[in-house]
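Taken together, the values in this text are just the output of simple stated rules run on the coordinates, not laboratory data. Just so it is clear, the model here is predicted, and its values are computed rather than measured. In this analysis, Cβ positions are derived from the backbone assuming ideal geometry, glycine residues included, and neighbour counts consider all displayed protein chains.
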Ligand SMILES: Nc1ncnc2c1ncn2[C@@H]1O[C@H](COP(=O)(O)OP(=O)(O)O)[C@@H](O)[C@H]1O
Ligand SMILES: [Mg+2]
């Protein structure tokens, strides 16, 4: 008995405390309307002990608690004027065995302007949410489509055809090609041509994300999943891409451990955020890209074979720019158009010689490198004509070699182009040219060594007897 009494007393104290803090004001009346509890001291300056047992209509201005007792119906969020102020109040009847045995009145906001403030605040948050959602949508959208892939190369046109057909299906596509060949352009284009085009396009660069973070980037984590985890948890790229496409760029750099996890997710078509056991459906099309062929990585045991088969349902292998040099003039023209539109500058064009120079370069950085060269040359040019001299040094240096029908080889280097002189390559023969070079080096070394062959040999990093032999062979005076 004593324990129950103590517990009850504690509970009452807790309820009192709750009433004191939860509401700005509150009154409880019995079934006839007499006050049994009254917490209005802070708001109206009336002490509870002065009003206990009084009828509520004598104490509270504009009260409707007496009416509630008769109607038995709640009135939530009503405006009630007390002390000349509009307050937001609620009145709730207390039922027991189907009869009204009392009523509770509470003040939710002691000033209508507070409600307005709250409403504005919520409205504001709602607008911000909308803005952020739009921003997220904008950031996760495909930017390029097949029209942006400029090419007249047959192999490329074949690839575009395959990619367009794959776009209509749900198949996973794997794009390979050297860096800068346009893998990302293809990925965007496939998404844009697919039935998922109105969904998000989300890219993740598997090579740029530290190993330990890759899993949470891909699959997200639950609130408080690990120390340092954000309180609100984090959405992963797979969830973000739901209904759309996920582009796993540089998949060849994905650690083996992560490959196993990815494979499991693809097989089960569902996953959990880290630290959660709630299943999330995988509703994404997967496009991956890599500059190393996955097949080769499988052979080196750096890539799981089973994952490779899942990813490379459709394979698109983009040839490097040096294997489709006929695209260069076309690409340059399209790039110049885009750039002049961006800079609002007049459209420039490359001279025939400059275009030839570009076609003689090897383009290890592919179309990306070409873009940079075109942009810098365009900015260098004083007129609307972009010539050889505007090209970067290393591209100017390459002699233009023309093979004539009569098998004459004509070499034009940047100097001869500037002076208008062309010279016929007396010989591109490696051996005779090497001999000339060796002779020149030996003479230079002998001059510096004041004629001492021992010292000259030392300068050249060879033995003295080797120098003698070389000189004899080259027909030099020993
Ligand atoms: N076919 C193309 N037509 C026009 N521009 C291209 C083409 N391919 C690549 N580019 C240009 O080259 C850059 C690199 O392309 P990207 O798709 O990022 O290459 P990758 O992903 O293979 O490294 C792009 O920003 C774009 O400017
Ligand atoms: Mg790329």
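Per DSSP H run of n ≥ 4, the term is -39500 (n - 2.57); total these for the chain, divide by its residue number, and report the mean residue ellipticity at 222 nm rounded to 500 deg cm²/dmol.
Working: 21 runs with 219 residues, N = 478.
It lands at -13500 deg cm²/dmol.
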Among 144-150, 196-202, the order from most to least packed when residues are scored by Cβ within 10 Å on average: 196-202, 144-150
- request: State the Kirkwood hydrodynamic radius of the range 1-96 in Å, one decimal place, computed from all pairs of distinct Cα atoms.
  value: 14.5
field: Between the range 372-387 and the range 48-62, the Cα center-to-center distance that results, in Å
entry: 89
message: If each residue of separation counts as 0.36 nm, what is the full-extension length gain between residue 22 and residue 36 once their alpha-carbon separation is subtracted?
response: 3.2 nm
- request: Using only alpha carbons, build the gyration tensor for the range 201-339 and give me the equivalent ellipsoid semi-axes, biggest first, whole Å.
  value: 33, 19, 14
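Starting from the alpha-carbon convex hull of the range 267-400, give the projected area averaged over all orientations, in nm². Before the final figure, lay out the partial values.
Details: hull surface 52.4 nm².
Mean projected area for the range 267-400: 13.1 nm², to one decimal.
Take every DSSP beta bridge whose two residues both sit in the chain, then give the antiparallel share in percent to the nearest 5. Working shown, then result.
Values: 37 of 57 bridges.
Percent antiparallel among DSSP bridges in the chain is about 65.
By count of other Cβ within 10 Å, fewest leading, how are 176, 151, 227 ordered?
Fewest-to-most Cβ neighbours within 10 Å comes out as 227, 151, 176.
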query: For the range 139-179, what ratio Rg/Rh do Cα atoms give with a Kirkwood hydrodynamic radius?
result: 0.97
field: Mean-position separation - Cα centroids, the range 67-87 and the range 285-308, in angstrom
entry: 70
message: Can you give the log10 of the normalised intensity I(q)/I(0) at q = 0.14, 0.19 Å⁻¹, computed with Debye over equal Cα scatterers of the range 57-179?
response: -0.82, -1.05
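Which values, in whole Å and largest first, are the semi-axes of the equivalent ellipsoid of the chain obtained as the square root of 5 times each eigenvalue of the Cα gyration tensor? The partial results should precede the final answer.
Details: eigenvalues 1370, 149, 128 Å².
Value: 83, 27, 25 Å, ordered largest first.
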query: How big is the convex hull of the Cα atoms of the range 335-375, per residue, in Å³?
result: 59
task: Which order do the peptides 109-117, 127-135, 280-288 take when ranked by the mean count of other beta-carbon atoms within 10 Å per residue, highest first?
output: 280-288, 109-117, 127-135
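Restricting to Cα pairs below 8 Å that are 6+ residues apart, what does the relative contact order work out to for the range 193-239? Please round to a whole percent. Before the final figure, lay out the partial values.
Details: 41 pairs, mean separation 15.2, N = 47.
Reported relative contact order: 32 percent.
Normalized C-alpha radius of gyration of the range 166-258, against 2.2 N^0.38 Å? Display every interim value, and only then the final one.
Details: Rg = 14.8 Å, N = 93, 2.2 N^0.38 = 12.3 Å.
Rg over 2.2 N^0.38 Å, computed on Cα atoms: 1.20.
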message: On C-alpha positions alone, give me the angle between the axis of helix 2-22 and the longest principal axis of the chain, in degrees, nearest 10.
response: 70
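From Cα pairs below 8 angstrom and at least 6 apart in sequence, can you work out the relative contact order of the chain, rounded to a whole percent?
Numbers: 738 pairs, mean separation 45.6, N = 478.
Taking the mean separation of contacting Cα pairs over the length of the chain, I get 10 percent.
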message: Show me the ranking of peptides 350-361, 263-274 by mean Cβ neighbours inside 10 Å, starting with the highest.
response: 350-361, 263-274
